[in-house]
């Protein structure tokens with residue numbers, strides 16, 4: 001009979017979808033990855049966050065079995081990945097970046113049937129799977145049309161359908177939303193989140209820090225092939241510059257609007273005057289404070305907010321803080 005400790009260890013291993021330990025990879029004289037480690041559990045969305053050239057795609061190609069690591073250890077659902085068995089292709093789905101992952105002259109359903117056949121399905125089963133996948137991504141109506149007639153967002157959804165075609169326990173997604181409009185990007189995230197809710201482990205590569213809020217649970221930040229941060233998204237956001245707002249202000253009693261706002265918002269956030277704009281202020285809210293509370297406080301102090309726009313901290317700013325912390 002297994003001991004309690006053995007059962008706990010077994011249960012822990014059952015939850016692990018991906019484990020990467022000290023992986024490095026060189027291309028010529030360039031270190032694409034250096035000593036990268038991360039862990040992804042089933043049912044979890046893990047974000048790979050980094051700018052172009054950070055090593056995200058290289059890591060996804062290693063996880064997909066397309067590139068061998070130069071050093072280190074990779075396990076996917078407990079399977080050693082240094083020489084993955086042929087049947088390992090059923091363990092994961094891949095949504096690659098770029099436009100050339102589908103056959104544009106084939107219809108949506110023909111694309112999925114083709115890839116199902118590549119996985120070894122009989123034609124009837126491949127067609128049944130294709131229909132189910134099209135329904136899952138709301139493409140059953142345009143399914144018979146050639147993919148070249150699809151909008152860009154529809155093509156991305158079809159790529160997600162292909163990634164989920166074999167109902168894999170793992171899904172690797174590479175920059176799926178970087179060139180989509182907000183609604184199209186939201187739909188892709190919803191589809192991936194629904195897969196995670198079913199227990200699929202997801203590795204989601206992106207360079208947009210705002211995309212992972214409320215979506216991913218954990219994150220690995222890569223920069224020039226090196227891990228700069230690993231942990232929960234909330235832990236990352238606590239060290240990233242907070243969201244800031246540019247306010248256009250007005251007072252009717254002769255007070256300077258920025259000074260008046262600074263006094264009204266004491267304890268809620270920081271207020272900084274903008275050069276050459278005496279009626280504009282940069283507002284940085286303290287953690288847990290919402291914008292509505294600040295605006296109500298300003299109104300109570302007879303400071304009118306004539307305009308407000310969000311100034312988001314982009315991913316480069318986040319990396320700068322992380323790099324300074326790691327290089328200092």
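None of the figures in this text is laboratory data; all of them are computed from the coordinates on show. Small disclaimer: the values here were computed from a predicted structure and weren't measured. Neighbour counts run over all protein chains shown; Cβ positions are idealised from the backbone, glycine included.
In this simple spin-label model, placing a label point 7 Å from the Cα along the Cα-to-Cβ direction at both residue 16 and residue 286 gives a separation of 4.2 nm. Taken along the Cα-to-beta-carbon direction at a fixed 7 Å, the label points for residue 149 and residue 300 span 6.0 nm.
Dividing the helix sum by the residues of the chain, where each DSSP H run of 4 or more adds -39500 (n - 2.57), gives a mean residue ellipticity at 222 nm of -10000 deg cm²/dmol. Of the labelled figures (i) 5, 25, 35, 27, 7, 0; (ii) 5, 22, 26, 21, 14, 9, 3, 0, 0; (iii) 6, 24, 24, 17, 12, 8, 5, 2, 0, only one reflects P(r) over Cα pairs in 10 Å bins from 0, in percent as derived from the coordinates, namely (ii).
Classify segment 197-259 as rounded, prolate or oblate, taking a ≥ b ≥ c as the square roots of the eigenvalues of its Cα gyration tensor: rounded when a/c is under 1.5, otherwise prolate if a/b is larger than b/c and oblate if not. Prolate, since a/c reaches 1.5 and a/b exceeds b/c. First check a/c for segment 244-312, with a ≥ b ≥ c the square roots of the eigenvalues of its C-alpha gyration tensor; if it is under 1.5, answer rounded, and if not, answer prolate when a/b is larger than b/c or oblate otherwise. Oblate, since a/c reaches 1.5 and b/c is not below a/b. Here each label is just a point 7 Å from Cα along the line to Cβ, and for residue 79 and residue 179 those points are 3.1 nm apart. Exposure proxy for 160, 95, 147, 289: other Cβ atoms within 10 Å of each Cβ, ordered fewest to most, give 289, 147, 160, 95. Each pair of Cα atoms in segment 165-275 enters the Kirkwood radius, and Stokes-Einstein at 4 °C and 1.567 mPa s then converts it into a translational diffusion coefficient of 74 µm²/s. Helix 315-327 axis versus longest C-alpha principal axis of the chain: approximately 90°, rounded to the nearest ten.
State, to one decimal in nm², a quarter of the convex hull surface area for the C-alpha atoms of segment 31-174, i.e. the direction-averaged projected area. Reported value for the Cα convex hull: 9.2 nm². Among 19, 140, 275, a tally of other beta-carbon atoms within 10 Å of each Cβ gives an order, fewest to most, of 275, 140, 19.
Across segment 244-312, the relative contact order, built from alpha-carbon pairs under 8 Å that are at least six residues apart, equals 47 percent.
With a/c under 1.5 counting as rounded, go ahead and sort segment 40-79 into rounded, prolate or oblate using the C-alpha gyration tensor (a ≥ b ≥ c being the square roots of the eigenvalues; past the cut-off, prolate if a/b is larger than b/c, else oblate). Cα axes put segment 40-79 in the oblate bin. Per-residue extension of 0.36 nm, minus the Cα-Cα distance of residue 119 and residue 235, leaves a gain of 37.8 nm for this segment.
Taking R0 as 51 Å, what's the FRET efficiency between residue 71 and residue 128 from their Cβ-Cβ distance, rounded to 0.05?
The calculated FRET efficiency here is 0.75.
Cβ-to-Cβ counts within 10 Å put 291, 222 in ascending order as 291, 222, the fewest first.
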